[in-house]
Structures are given as structure tokens and as C-alpha cells.
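Comments concern the structure below.
The values are calculated or read from the model by the stated rules, or taken from the named source; none is laboratory data. Keep in mind that what you see is a predicted model, and the values were worked out from it rather than measured. Don't worry about glycine lacking a Cβ; one is built from the backbone with ideal geometry, like all the others, and counts go over all protein chains shown.
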Amino acid sequence: MQTDSRIRVWDVPTRIVHWSLLGLFAFSWWSAETHQMDYHRYSGYALLGLLLFRLYWGVFGSSTARFAQFIKGPSAIAVYLRGNQTKTIGHNPLGAWSVVVLLGLLIAQVTLGLFTVDVDGLESGPLSNLVSFETGRACAKVHELVFNLLLAMIALHVAAILFYRIVKRDNLVGPMIVGWKTATTSMESAKLASWWRAVVGAMLAVAAVWWITK
Amino acid sequence: MMAAAIAFAGGAIAAGAPADTIKARQQALKDTGAAFKTIRDQMKSGSPDAAAIKTAAQTIKKTSVAMVDWFPKGTGTEAGVKTAAKPEIWSDAAGFETARKNFVEQADKFAALADAGDMAAVGGGIRPLGMACGGCHDKFRVKED
């Protein structure tokens, strides 16, 4: 292997979570539109597990997955936008906030879904028994709103990726698939978290989903 | 709200202005949805409250019986109020009537199950009752996105 060029950017768990979120978001959309509410519920449970894992991984995961590593204040964003920043791998200071917003909206969406009730009181999320019919209906309406916000954010996300690809000649999709990129300047690889940490996180996420939806 | 639905279910509202008729039936149907949720929540709880299920089943039954008066001509979209009632209610009056009668029948059966208090039977009765609701909604109500 050429030691001079390939650097690790995203670890396996982060990549699996990323593409699974996309796939399940699409599946949730389809199952809602076609009124297959059993599928829609299971898809939501899987998303819940992935999001819980991602929160855990944001604290205990590899360096580029950690919130403390990539969430930065307005001054760092300003420096980045002026192009003065030394090149680093992982989320850039501005893109980091789109990640935060996307994850936040997804968490809000899944949480609302847990309490949502349909207009007939026939189909509902697993925690809807904790709220009144009116509250469950209100959740359904906000669930619809947040879905539209998510579509808008995903469009922005894709537009940003295209901008980097076309204008800045930086392929962001490749590293999210294979995990590494070719370094142009001296950049350090991400520090990978050990596999057992991922296993622990996955088990915690599954246990939490089981407990919430039982 | 439950009381309002029951009072409403017992009386005739068709004589009022179309907008009032629409609003009254919407409220009653919302209360019916809430009653259905009560039944499902109770069944899910592991120790269902038979009395609560019985009351909810009565609400649904009253809706099914009273509904015959809830869709007089002129209470569709032409009334100028927001309503999910499709024109098919009047253009396919026979189909609507069949769906309505099916609801009356299923709601009556379910109320009998709730009265008998056998929770396993009540649990089994939820789906047929839900399908009676859905059978009408699929054809005669505007789909909610």
C-alpha cells in the first residue's frame, strides 16, 4: 500500500449508519405513502436504534465521528469560509452543523413517530398509549412537518456535495463509501475506535429500542 | 367531549346549517377515533380495563347508529367548510349505505363482545371493526397525507 496518499476518514460503523439512515429514510417514506404501517413502524425502530448508536458513537467512536471533534463555533466557521483553515479530515466546521441539524431532525422525527396516532385511532406508534388522542394527532401533524424539513435538509446536503464535487473538485461520496481518501497535503488519518466499542454501542442501542417499543 | 359525542349521537343534527352538520360530525368522528384508541391502549396495557372498553365500544356503536343522519345532501365540499367527505357519498349512495350498514353490524358485534367482557374475544374483534371503519374511509373520505 502506498503510505504517502491513502488516509482513513470514516470508520465502518459511521459509514454503515450513514447509508442505513438513507435507506431506511427512503423505506419509511415509501411505507408511509403506501400505508404499510407495520413496515413503517419497523423502519422507525431500526432508525431509532441507528440514531441511538450514532449518539453513542459521537462520544465513544473514532475521532471523525465524535461531536466534540467536529462541532465548532462561528469563528471556526468564518475561518473555514475564508479558506484560511489548515486542511483537516472529517466534517468541515460548516458541514458539521448540517450533520447536527440532520441528526436532530431525524431524532425529532422518530420520537414524534413513537407517539403518533392516525385519524381513526387504528394505527399508532408504540408509545401512543401514553398520550391522549389529541396529542397523538398533534404529533402526527408535526411528524409531517418535520418530514418536509428533512427533505429540504437532504436536498441541501446533496447540493453541498455536488458543489464540492463540481466547484471544489472534492469527492465527498467516495470516502463515505470506502472510508479513505487520497491526501493532497499532509493530513492525519482518523483515530479508529476499537471494534468492541461498536459492539457495546450496538448492544446498548438494541436493548434501548427493545425497551422503548416493547 | 365523550359526553358531547353521545348527546350528539343520540340526537338529530341534520336539521342545522350544513356547516354545523359538518363540524358536529367531525367532532363525533374524532371522539370515535379517540374511543378506538382507548380500546387499543387498554388491550396493549396487559391488564385491560373492561369498563373503559365497554364505554368506548358504546361510543362507537352510537356513532354507527347515528351516522345515518350525518351526511345529508349539501354537506359536501359545496358547503364551503373544510371537509374530507368525498362526492361519492352522494353519487354512490348505495355503496355508502352498504358500508354504513356494515359498520353498524360490526360495531354492534363489538359492543356485545365488550359487554361479555372476554378480553381475548375483544382483542380478536378489533381488526374486523377497524376494517369496517377503513372500508368506508378508503372509498368515501379524502386521503390524508
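Of the residues in the stretch A:125-149, how many are facing chain B (nearest Cβ under 10 Å), assigned to a loop (DSSP other than H, G, I, E, B) and touching a residue at least 24 places away in the same chain (Cβ under 8 Å)?
So the answer is 1.
Yes/no matrix, rows are residues, columns are (1) hydrophobic (A, V, I, L, M, F, W, C); (2) more than 28 Å from A:P126 (Cα to Cα):
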{"site": "B:D49", "(1), (2)": "no, no"}
{"site": "B:V65", "(1), (2)": "yes, yes"}
{"site": "B:G74", "(1), (2)": "no, yes"}
{"site": "B:E78", "(1), (2)": "no, yes"}
{"site": "B:V81", "(1), (2)": "yes, yes"}
{"site": "B:E88", "(1), (2)": "no, yes"}
{"site": "B:G95", "(1), (2)": "no, yes"}
{"site": "B:Q106", "(1), (2)": "no, no"}
{"site": "B:A121", "(1), (2)": "yes, no"}
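For A:G174, are the conditions met, namely being over 23 Å from A:W30 (Cβ atoms) and touching a Phe, Trp or Tyr at 6+ places or on another chain (Cβ under 7 Å)?
no
Which residue out of B:E105, B:E78 is at pLDDT below 95 and of a type in the set (D, E)?
Checking each option against the conditions leaves just B:E78.
Let me spell it out: the conditions are (1) part of a helix (DSSP H, G or I); (2) within 13 Å of chain A (Cβ to nearest Cβ); (3) more than 13 Å from the chain's Cα centre (by Cα), and B:K143 meets all of them except one. Which number is the exception?
B:K143 satisfies every listed condition except (1).
Looking only at the stretch B:29-44, which residues are over 14 Å from B:A114 (Cα atoms) and facing chain A (nearest Cβ under 7 Å)?
B:G33, B:A34, B:K37, B:D41, B:K44
Six or more apart or on different chains, Cβ under 8 Å: which pairs go from a residue in the stretch B:74-95 that's in a helix (DSSP H, G or I) to one that's among the charged types (D, E, K, R)? Could you list them?
Note: pairs meeting the criteria are B:E88/B:K139; B:W90/B:K73; B:G95/B:E88; B:G95/B:K139.
Tell me whether the stretch A:112-124 contains one or more residues that are away from chain B (no Cβ under 14 Å), over 30 Å from A:P74 (Cβ atoms), in contact (Cβ under 8 Å) with a residue 12 or more places away in the chain and out of contact with any Pro (no Cβ under 8 Å at 6 or more places or on another chain).
yes
Let's see how each residue does on (1) over 12 Å from the mean Cα position of the chain (by Cα); (2) over 15 Å from B:H137 (Cα atoms):
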| site | (1), (2) |
| --- | --- |
| B:V65 | no, yes |
| B:D69 | yes, yes |
| B:E88 | yes, no |
| B:R100 | no, no |
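If a residue must be on the phi < 0 side of the Ramachandran plot, in contact (Cβ under 8 Å) with a residue 12 or more places away in the chain and surrounded by 14 or more Cβ atoms within 10 Å (Cβ to Cβ), how many such residues does the stretch A:150-182 contain?
Summing the residues that are on the phi < 0 side of the Ramachandran plot, in contact (Cβ under 8 Å) with a residue 12 or more places away in the chain and surrounded by 14 or more Cβ atoms within 10 Å (Cβ to Cβ) in the stretch A:150-182 gives 10.
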